[in-house]
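To keep things clear, I will list the structure first and then write my remarks on it.
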Amino acid sequence: MKIVLVSGSTRPDSVNTAVLETVRQILAGLPGEHEGVFVSAAELPFYEAGLERADGSAAVRAAKELVAGADALFISTPSYNGEMPGVLKNALDWLSRGIDGPSPLTGKVTAVASASPGARGGLDAQAGLIGVLTRCGARVVEHEPVAVRGAGGVATEDGRYTDPELVALLASLTGALLDEVANAGALV
């Protein structure tokens with residue numbers, strides 16, 4: 001099973017990328033084959049219809065193909081003034097456009113988390129992100145919100161979180177994502 005991981009942050013030491021690295025480790029520890037693969041929102045050019053008509057860019061094509069071929073998405077975002085960052089919205093704008101067909105996001109099971117050094121853990125950005133994903137036709141996993149508060153002070157090792165409560169919460173959301181993928185497969 002392939003899960004595409006998308007961080008709403010471009011920083012190399014991002015707390016949201018640490019969330020996704022933790023998810024990748026959780027996936028690797030599950031029975032069966034589970035792979036977490038990153039798509040870098042920072043590598044995508046600003047969305048522009050003329051560029052799209054000219055076949056986009058190699059990075060855009062690669063991102064669309066990866067998402068189209070994946071079983072699910074897992075997105076973690078910071079909150080910039082209460083919303084997802086522009087780089088993440090831009091990535092979703094590109095991914096909302098199909099490759100000679102429907103959007104790679106259509107029907108894609110997607111989990112949402114957030115992390116921030118602040119007291120709300122980026123929670124404010126989740127509603128807008130979920131709204132955009134829903135408008136793009138993604139199937140957002142229903143789960144209690146996962147927002148890593150004070151994320152800069154939570155213990156990490158090798159770019160992953162090690163706090164047992166946080167890892168358990170991320171494992172729960174990952175499990176809900178995998179259950180939804182299994183349910184989606186049963187509906188087809």
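The values are calculated or read from the model by the stated rules, or taken from the named source; none is laboratory data. Keep in mind the model is a prediction, meaning the values are calculated, not measured. Here the Cβ positions follow ideal geometry from the backbone for every residue, glycine too, while neighbour counts run over all protein chains shown. Note: areas computed on protein heavy atoms with side chains; ligands, DNA, RNA excluded. Shrake-Rupley method; radii C 1.70, N 1.55, O 1.52, S 1.80 Å.
Quick look at the values:
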{"item": "Segment 8-48, residues that are within 17 Å of residue 94 (Cα to Cα) and free of Cβ contacts under 8 Å to residues at least 40 places away in the same chain", "result": "38, 40, 43, 45, 48"}
{"item": "Answer from 153, 159, 101, 185 - the residue that is within 22 Å of residue 36 (Cα to Cα), surrounded by fewer than 14 Cβ atoms within 10 Å (Cβ to Cβ) and modelled with pLDDT under 95", "result": "185"}
{"item": "Subset of segment 162-175 (residues that are surrounded by fewer than 17 Cβ atoms within 10 Å (Cβ to Cβ) and small (Gly, Ala, Ser))", "result": "168, 172, 175"}
{"item": "Tally, over segment 104-115, of residues that are surrounded by fewer than 20 Cβ atoms within 10 Å (Cβ to Cβ) and either of a type in the set (Ser, Thr, Tyr) or not in a loop (DSSP other than H, G, I, E, B) (or both)", "result": "1"}
{"item": "Identity of the residue in segment 24-43, of a type in the set (A, V, I, L, M) and assigned to a helix (DSSP H, G or I), that ends up surrounded by the fewest Cβ atoms within 10 Å (Cβ to Cβ)", "result": "28"}
{"item": "Residues located in segment 116-135, provided they are open to solvent by less than 40 Å² (accessible area, probe 1.4 Å) and either modelled with pLDDT under 95 or within 23 Å of residue 21 (Cβ to Cβ) (or both)", "result": "116, 118, 121, 122, 125, 126, 129, 133"}
{"item": "Selected residue (criterion: surrounded by the most Cβ atoms within 10 Å (Cβ to Cβ)) from residues of segment 136-149 that are more than 14 Å from residue 16 (Cβ to Cβ) and either acidic (Asp, Glu) or more than 16 Å from the chain's Cα centre (by Cα) (or both)", "result": "144"}
{"item": "In segment 46-92, the residues that are open to solvent by 60 Å² or more (accessible area, probe 1.4 Å) and in a strand (DSSP E or B)", "result": "80, 83"}
{"item": "Residues located in segment 1-23, provided they are in contact with a strand residue (DSSP E or B) (Cβ under 7 Å, 6 or more places away or on another chain), open to solvent by 20 Å² or more (accessible area, probe 1.4 Å) and under 18 Å from residue 154 (Cα atoms)", "result": "15, 17, 21"}
